[in-house]
């Protein structure tokens with residue numbers, strides 16, 4: 001009773017392990033079963049070949065027995081025609097035994113041929129079923145891979161949701177923030193560069209005014225111009241003719 005329970009428990013564990021491997025990779029399990037069946041089929045084919053060799057030997061025995069019986073029959077006829085009944089009787093008895101063996105060999109050959117034919121049909125049928133199983137394995141393998149790929153694509157499409165609440169959405173927000181920060185740095189640098197240009201232009205204007213003043217001072221000191229002329233403003237220069245005209249009036 002105890003051994004029976006232990007055997008039942010052990011068999012249940014073995015079934016669990018087998019179910020695990022079957023569900024883990026069913027295509028590999030089907031391929032294993034197919035390979036095992038092919039190996040058995042190859043062994044069966046070798047056995048069939050050996051059996052066919054036996055049939056061929058029996059067939060050859062039948063042919064030889066037929067030739068022997070025909071030869072004995074010819075001898076019986078020849079000795080009867082020669083009037084030698086004693087010798088003819090001896091060959092007649094041998095011919096009778098040969099024909100009896102021939103009938104037995106023919107019966108055995110018939111049985112062997114039928115058995116060989118039945119085995120051949122079984123192997124052909126099994127071979128055709130194996131071919132269908134191979135096609136099914138290829139089909140199931142392709143369908144399983146395709147369905148797995150479709151499932152992964154569906155999960156991937158669901159994962160690639162750029163909502164702000166998802167990881168991708170948060171990552172995208174970080175990227176956009178970095179892009180905005182980089183653009184802000186570029187704008188600040190541009191604004192700072194513009195401010196520098198204005199300062200440079202102002203410095204250049206001041207230097208130009210100082211240079212004009214230095215030149216006029218030099219002209220005054222050298223007597224090239226009078227102080228009155230040196231003190232004329234740009235507006236007076238532009239309005240000079242009009243002022244002279246009004247004075248004349």
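Comparison of 111, 120 shows that the only residue that is touching a residue at least 24 places away in the same chain (Cβ under 8 Å), within 23 Å of residue 50 (Cα to Cα) and surrounded by 11 or more Cβ atoms within 10 Å (Cβ to Cβ) is 120.
Yes/no matrix, rows are residues, columns are (1) farther than 30 Å from residue 74 by Cα; (2) modelled with pLDDT of 80 or more; (3) assigned to a helix (DSSP H, G or I):
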| site | (1), (2), (3) |
| --- | --- |
| 90 | no, yes, yes |
| 96 | no, yes, yes |
| 112 | yes, yes, yes |
| 115 | yes, yes, yes |
| 120 | yes, yes, yes |
| 148 | yes, no, yes |
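If we scan segment 44-65, do we find a residue that is assigned to a helix (DSSP H, G or I), assigned by TED's automatic domain parsing to the domain that holds residue 129, surrounded by 12 or more Cβ atoms within 10 Å (Cβ to Cβ) and at pLDDT below 55? No, because not a single residue in segment 44-65 is assigned to a helix (DSSP H, G or I), assigned by TED's automatic domain parsing to the domain that holds residue 129, surrounded by 12 or more Cβ atoms within 10 Å (Cβ to Cβ) and at pLDDT below 55.
Does residue 143 meet the test of being at pLDDT below 60, part of a helix (DSSP H, G or I) and out of contact with any helix residue (DSSP H, G or I) (no Cβ under 9 Å at 6 or more places or on another chain)? Spell out how you get there, then give the answer.
On the way: at pLDDT below 60: no; part of a helix (DSSP H, G or I): yes; out of contact with any helix residue (DSSP H, G or I) (no Cβ under 9 Å at 6 or more places or on another chain): yes.
For residue 143, the condition - at pLDDT below 60, part of a helix (DSSP H, G or I) and out of contact with any helix residue (DSSP H, G or I) (no Cβ under 9 Å at 6 or more places or on another chain) - is not met.
The values are calculated or read from the model by the stated rules, or taken from the named source; none is laboratory data. Just so it is clear, the model here is predicted, and its values are computed rather than measured. Note that we place each Cβ from the backbone using ideal geometry, even for glycine, and neighbour counts take in every protein chain shown.
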